[in-house]
Amino acid sequence: MSRETLDNKTRYLLDQILVLDSMVENSTLDAVEALKRHDIESARRIYAYDSQINAKRFEIEQDTMITIATQQPIMAHDLRLMASILEVVSELERMGDYAKGIARVTMMIGSEPHIKPLVDIPRMAAKAVDMLHRAIGAFVTGDAETARVIPDEDDEIDDLYNQVYRELVAIMFTKPAAIDQANYLMWAAHNLERLGDRVSNICERTIYVVTGQLKELAASDDQMDKS
Amino acid sequence: MTSISIAHPQTLEAVETTTNGKYAIEVKDLNVYYGDFRAVKNVNLKIERQKITAMIGPSGCGKSTVLRAFNRMNDLVPSARVQGEILFHGHNIYDPGVDSVQVRKWIGMVFQKPNPFPKSIYENVAWGARINGYRGSMDDLVEQALRGAALWDEVNDKLQQSGLSLSGGQQQRLCIARTIAVKPDIILMDEPASALDPIATLRIEELMRELAQQYTIIVVTHNMQQAARVSDYTAFFTMNEDRAGYLMEFGNTSQIFTNPKEKVTEDYITGRFG
């Protein structure tokens, strides 16, 4: 039985995941940069760009389904990888939505001066994108050891989010006129916090592909409880 | 629970046993030789009752040899020699004096290529029971066996036609009817669907699931999707450099096909060799 076709198709799918990942990473960093600089034009482009991310996700999903149907990678590691590719592209697509959401925040704030200097939100973005980059690298190379440790770093994002949250709540109390913008910024920070959670989901998939074990690596939906 | 006897021709004593244990077959340190060549090496395996166990592995790994050892078909090969024990409900079928014909009555075999006798459909099914001196209603037995093999509805109006007039899939079900007509405890199947088209193959697989409610089934197959579809347990055999086949991994079918413990098993089921 020749696996050459299946191996080539698998490599192609993983390459396409790297492409989708870089689209999401760039979109996220650009969205936060646009937010920081009140760059509404850039925000509009990022907002519209999400449709390309969605299209890429569907393209990979379709290619994966065709590979499953024609090459029948239906056993063991092959099957786990195909199922996980479908899961990972869905995670990336949702992350793209977060970037789009941040772009929308920029458009809603418009030229109104920021109610606080934006320091922690860009830090959250940098950290989340760095984690995402390494998590996708681990998924593509099947590096379970790296995947196992990345989610621990999510605490850093959570801490930054809690800090942003507390600051914005304090501002809302003292300056009622800033409530709208504080809400928008909280929305942006929350999107980045959720992005970090989804990085953990990708790491879980990597471990599943490599070991066959499905295991939750980090609490992902308890942020509001912690706040 | 069925009472089983394996006649002992020298003493005419019967080994009495019952089929209420967990395992239908226990293989202990099985080695099979053809002359000086060791074809199967140190196999230990337990086959659960009323389950389907699939034996898979590359060509030459000894899986068919092991299957044939389960009903002493290897006795028919002059150079074949068996070491170790195969316990059928606790009794070693290789004990001196155990009647191999009795063993094959309890442990029937369905072969790769359908092999009906050149006789009527009716006679094909009645044959085994007749030579075993069956005294009940033969018509009832034939109907029961053909129903059990999911063939009755297709042949009940042409029982006197030749078994060879049937399609390949029907012929194979006729062979299954012939096997179950002698009321075995275990059915061995050696690639039972490899000569059949996909529809006939699925019918055989559905039939296997139905038969497993009453019988223990052990099936050798090269078709891994088939093993995954029909079996409860899977035994993966492979071979050494000296070409002696051995059991590499045994487990629940769901585990073997989604997360095998051994890399060799993974490589085989994902088509990296074999």
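The values are calculated or read from the model by the stated rules, or taken from the named source; none is laboratory data. Here the structure is a predicted model, which means the values were calculated and not measured. Glycine gets a Cβ as well: all are built from the backbone with ideal geometry, and neighbour counts include every protein chain shown.
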*With B:Tyr215, B:Tyr268 as the choices, which residue is aromatic (Phe, Trp, Tyr) and more than 12 Å from chain A (Cβ to nearest Cβ)?*
B:Tyr215
*Identify the single condition in (1) under 20 Å from the mean Cα position of the chain (by Cα); (2) within 23 Å of B:Phe70 (Cβ to Cβ) that B:Leu146 does not satisfy, given that it satisfies every other one.*
(2)
*Does A:Ala128 fit the bill of being aliphatic (A, V, I, L, M), touching a residue at least 40 places away in the same chain (Cβ under 8 Å), within 30 Å of B:Ser254 (Cα to Cα) and surrounded by 23 or more Cβ atoms within 10 Å (Cβ to Cβ)?*
no
*asked:* Regarding the stretch B:246-259, can at least one residue be identified that is over 20 Å from B:Tyr23 (Cα atoms), charged (D, E, K, R) and over 16 Å from the mean Cα position of the chain (by Cα)?
replied: no
_So, in the stretch B:61-87, exactly how many residues are within 27 Å of B:Ser194 (Cα to Cα) and among the hydroxyl-bearing types (Ser, Thr, Tyr)?_
2
*Test A:Ala135 against the stated conditions and say whether it is in contact with a Pro (Cβ under 9 Å, 6 or more places away or on another chain), in contact (Cβ under 8 Å) with a residue 40 or more places away in the chain and either of a type outside the set (Ser, Thr, Tyr) or more than 22 Å from A:Gln52 (Cβ to Cβ) (or both).*
yes
*Listed residues A:Ile121, A:Ile60, A:Ile85, A:Ile66; which is free of Cβ contacts under 8 Å to residues at least 60 places away in the same chain, of a type outside the set (Asp, Glu) and either surrounded by fewer than 18 Cβ atoms within 10 Å (Cβ to Cβ) or under 24 Å from A:Asp152 (Cα atoms) (or both)?*
A:Ile66
*Residues (outside any helix (DSSP H, G or I) and either surrounded by 14 or more Cβ atoms within 10 Å (Cβ to Cβ) or at positive phi (or both)) located in the stretch B:153-175*: B:Leu159, B:Ser162, B:Leu166
*Yes or no: A:Asp197 away from chain B (no Cβ under 14 Å), over 30 Å from A:Leu13 (Cα atoms) and assigned to a helix (DSSP H, G or I)?*
no
*In the stretch B:245-263, is there at least one residue being in a loop (DSSP other than H, G, I, E, B) and away from chain A (no Cβ under 14 Å)?*
no
*Evaluate the following for A:Arg44: is it at pLDDT 95 or above and among the basic types (Lys, Arg)?*
yes
*Matching option when the condition is at pLDDT below 95, surrounded by 15 or more Cβ atoms within 10 Å (Cβ to Cβ) and in contact with a Leu (Cβ under 8 Å, 6 or more places away or on another chain), among B:Ala200, B:Ala150*: B:Ala150
*asked:* Kindly evaluate A:Thr28 against the criterion of being among the polar types (S, T, N, Q) and within 14 Å of chain B (Cβ to nearest Cβ).
replied: no
*Scope the stretch B:34-68; condition in contact with a Ser or Thr (Cβ under 8 Å, 6 or more places away or on another chain) and part of a strand (DSSP E or B); matching residues*: B:Tyr34, B:Ala39, B:Val40, B:Ile47, B:Glu48, B:Ile52, B:Thr53, B:Ala54, B:Met55, B:Ile56
*Can you find a residue in the stretch B:212-232 that is among the β-branched types (Val, Ile, Thr) and more than 30 Å from B:Lys105 (Cβ to Cβ)?*
no
*Output the residues belonging to the stretch B:69-104 that are assigned to a strand (DSSP E or B), out of contact with any Phe, Trp or Tyr (no Cβ under 9 Å at 6 or more places or on another chain) and in contact (Cβ under 8 Å) with a residue 24 or more places away in the chain.*
B:His91
_Residues that are assigned to a helix (DSSP H, G or I) and within 14 Å of chain B (Cβ to nearest Cβ), drawn from the stretch A:71-100_ = A:Gln71, A:Ala76, A:His77, A:Asp78, A:Leu79, A:Arg80, A:Leu81, A:Met82, A:Ala83, A:Ser84
*Go through the residues of the stretch B:222-241 one by one and say whether even a single one is assigned to a strand (DSSP E or B) and within 14 Å of chain A (Cβ to nearest Cβ).*
yes
*Report the residue count in the stretch A:4-25 for those that are within 14 Å of chain B (Cβ to nearest Cβ), among the basic types (Lys, Arg) and surrounded by fewer than 16 Cβ atoms within 10 Å (Cβ to Cβ).*
0
*When you go through (1) within 14 Å of chain B (Cβ to nearest Cβ); (2) without any contact (Cβ under 8 Å) to a residue 12 or more places away in the chain; (3) within 22 Å of the chain's Cα centre (by Cα) one by one for A:Ser51, which number turns out not to apply?*
(1)
